[in-house]
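Here the structure is laid out as structure tokens; the discussion comes afterwards.
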Amino acid sequence: MSQAEKLPPHDPSGLVLRTVEMHAGGEPLRVVPPWGGLASLATPGLSLLERRRLLLTSPELDAARRLLMHEPRGHRDMYGALLVPSELPEADVGAIFVHNQGASAMCGHAVLCLARFVLDYGLRRGAPSPAAPSGEASVTIHCPCGPVAAFASWDGRRSGTRARFHSVPAFAAATDVSIDVPGYGKVVVDVGYGGAFYAFLSADQLGLDVSSSKIQDLVDAASAVTEAVKAQVDRSPTGSGVTARIALQYHKGLIQLNQTRTFRSSSTGSLFTGKAIKESKCGDHNAVIVEVAGESFYTGTSTFTFEEEDPLKYGFFLTITCWVCLD
């Protein structure tokens, strides 16, 4: 073993976790591949949802999640994808999405990253076409919300930066819902489902302008609305926001099928696009399949260890950042 490969002093009985680092539009993704050190999540015979439940109930696995997501190795907005086996015959890989507070059902920017990762690391069950006529290859990612078809540019050897995915059926869960937000008064929100539930409202209801207001003011307002929505609408406004927003706009007749909308980050300027590509059903709800597209990039690899004596070995919260999208 070379000096460059030698690990620093660490607890020999503790975790050694290996990751691939990526981002889509500035949103980070820490990918833990099947060889990344979380072998207990690959226990044979479990469904994806059982693996996710194991993650949330196992002290050892929860410690690994905190180690990867919290500072000093992560930060408040760190996101992760733990790649696991899937019980679905059509799926190339299963993904459990994790963050600082637990796990989510869907993460759009993570899927854009994983479309490339699955191809580049040879995880597709069948070899992708060496020269697909469309210039891209498809993968199927089993997410907790269901299987998601993803596509990445592909030249037969490696992926390009462009990626897109087709969502699970997305729908408007509730529109024009009035809620009381402490410090802001009564506001009206729409709730959409795009793999998880998301709440939307115009910034001017809160006396803010997303193009000129301070980031901290936007964060404070979003946090207040989030807590109010959880308490009064009983839905968590997290998940794939672009998908949910497109579903709401289609429901309200603001867009037609295959009409593209662009979402821009006010902090990084990065762009995602979304469009409803066909109508569907989700239970009793009229739904649509949404295509979301953007770019994803590799930023490196990491190997994480810890020392037992470190009082902060499983991390802590400190910084506050946010992502704000504009149509």
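Can you tell me the length gained on complete extension of the stretch ILE277 to ASP310, counting 0.36 nm per residue apart and subtracting the Cα distance?
6.8 nm
Determine the sum of side-chain charges near PHE306: Lys and Arg each +1, Asp and Glu each -1, restricted to other residues whose C-beta is under 12 angstrom from that of PHE306.
Net charge around PHE306: -2.
So which trypsin sites (Lys or Arg not before Pro) in the range 147-199 pass both tests, a DSSP loop state and at most 14 other Cβ atoms within 10 Å of the Cβ?
ARG157, ARG158
Quick check: at a probe of 1.4 Å, how many percent of the accessible area of the chain sits on carbon and sulfur atoms?
About 52 percent, which is the carbon plus sulfur part of the accessible surface.
With +1 assigned to the C-beta of every Lys and Arg and -1 to the C-beta of every Asp and Glu, and no other charges, what is the dipole magnitude of the chain about the Cα centre in debye, to the nearest 20?
Once rounded to the nearest 20, the dipole reads 720 debye.
Rounded to the nearest 500, what is the chain's calculated 222 nm mean residue ellipticity when only DSSP H runs of at least 4 contribute -39500 (n - 2.57) each, over all residues?
Mean residue ellipticity at 222 nm (helix-derived): -6000 deg cm²/dmol.
Calculate, in nm to one decimal, what ARG157 and PHE297 gain on full extension: separation in residues at 0.36 nm each, minus their alpha carbon distance.
Difference between extended and current length: 48.8 nm.
Of SER202, SER296, which has the most accessible area and how do the rest follow, probe 1.4 Å?
Reading off the accessible areas and sorting them downward yields SER202, SER296.
At 7 Å along the Cα-to-beta-carbon direction for both PHE317 and ASP77, put a label point, then send me their distance in nm to one decimal.
So the label points at PHE317 and ASP77 sit 1.6 nm apart.
Excluding THR19 itself, what net charge comes from residues whose Cβ is under 13 Å from its Cβ, given Lys and Arg +1 and Asp and Glu -1?
Local charge sum for THR19: +3.
Just to verify a number: FRET efficiency for LYS186 and ASP284, C-beta to C-beta distance, R0 = 41 Å, to 0.05?
Using R0 = 41 Å, I get an efficiency of 0.90.
At most 15 other Cβ atoms within 10 Å plus a DSSP loop assignment makes a site exposed; report the longest stretch of the chain without any exposed GluC sites (Glu not before Pro).
91-306
Specify which residue in the list ALA199, TYR250, LEU29 is farthest towards the positive end of the charge dipole of the chain, using unit charges on the beta carbon of Lys, Arg (+1) and Asp, Glu (-1), about the Cα centre.
Of ALA199, TYR250, LEU29, it is TYR250.
Multiply the residue gap between GLU21 and SER223 by 0.36 nm, knock off their C-alpha separation, and tell me the result in nm, one decimal place.
So the extension gain works out to 70.0 nm.
Near SER167, within a Cβ-to-Cβ distance under 12 Å, what is the net charge of the other residues, with Lys and Arg +1 and Asp and Glu -1?
Local charge sum for SER167: +3.
Whole number in Å², please: accessible area per residue of the chain, 1.4 Å probe, ligands, DNA and RNA not counted.
Accessible area per residue, the chain: 46 Å².
The values are calculated or read from the model by the stated rules, or taken from the named source; none is laboratory data. Worth saying up front: this structure is predicted, and the values here are computed from it rather than measured. Glycine gets a Cβ as well: all are built from the backbone with ideal geometry, and neighbour counts include every protein chain shown. When the accessible area is computed, the model is the full protein with side chains, heavy atoms only, and any ligands, DNA or RNA have been set aside. Shrake-Rupley method; radii C 1.70, N 1.55, O 1.52, S 1.80 Å.
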